[in-house]
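Quick notes on the structure that follows.
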Amino acid sequence: MKTQIEAVCKKFRITIEDIVSKDGIPYFDYYNIDFPHGACGDTSLLLGKFFYEHFDIDCSYVHGQYTECTGDMFILRTHSWLEYSGYKIDITADQFDDDISKVLVIEQHEFYERFEVDKTEAISSKSLDKLTDTYELIKERVLNG
């Protein structure tokens, strides 16, 4: 199962990168999202909906935060990812650290230990709302490209 999830995640990530570099994603452009920076919540939702719709996998959407001290300033860092069957599924963790893979499907990683989880919701309970057109664009290219 891990290998199949990784394959879908890699294709999803490559598809988003391709769309962003060639055509742009109107939703990301409108909200000034510089993929993968600032895109973790939306991307996790889009990927989760794809898993739910096409593989009947109802991932958990997880949101966490931690405070980072830089000099005399404290900065709140937030991140979102998916979890399913003991795996953390994340295609935007590399926005935090160049040493992290673009696609993570992993049971444990020190990266996630810094986050205090403040929200976990089933993907099936979440709505795409403003992301519907973006989802359709990505889905079309993942399935047919």
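Distance from the alpha carbon centroid of the range 1-72 to that of the range 94-145 works out to 4 angstrom. Membrane-span-like helices in the chain, defined here as complete DSSP H runs extending at least 20 Å along the helix axis by their C-alpha atoms with mean Kyte-Doolittle hydropathy no lower than 0.5, are absent; this is a sequence and geometry rule, not a statement about a membrane. Label positions at Lys10 and Thr70, each projected 7 Å from the Cα along the C-beta direction, are separated by 3.3 nm. Across the cross-link table entries Lys88/Lys126; Lys22/Lys139; Lys102/Lys139; Lys11/Lys130, which are compared at the Cα atoms, the separations over 21 Å belong to Lys11/Lys130. For the range 8-119, the square roots a ≥ b ≥ c of the C-alpha gyration tensor eigenvalues yield an a/c of 1.5 or more together with a/b not exceeding b/c, which makes the shape oblate. Remark: the chain carries 55 Å² of accessible area per residue (probe radius 1.4 Å; ligands, DNA and RNA excluded).
Before rounding to the nearest 500, sum -39500 (n - 2.57) across all DSSP H runs of length at least 4 in the chain and divide by the residue total; then give [θ] at 222 nm in deg cm²/dmol. Present the calculation step by step, with values, prior to reporting the outcome.
Details: 5 runs with 59 residues, N = 145.
Calculated at 222 nm, the ellipticity per residue is -12500 deg cm²/dmol.
Ranked by the mean number of other Cβ atoms within 10 Å of their residues, highest first, the peptides 55-67, 133-145 come out as 55-67, 133-145.
The values are calculated or read from the model by the stated rules, or taken from the named source; none is laboratory data. None of these values were measured; they are calculated from a predicted model. Note: ideal-geometry Cβ built from the backbone for every residue, glycine included; neighbour counts use all protein chains shown. Only protein heavy atoms, including side chains, enter the accessible area calculation; ligands, DNA and RNA are left aside. Shrake-Rupley method; radii C 1.70, N 1.55, O 1.52, S 1.80 Å.
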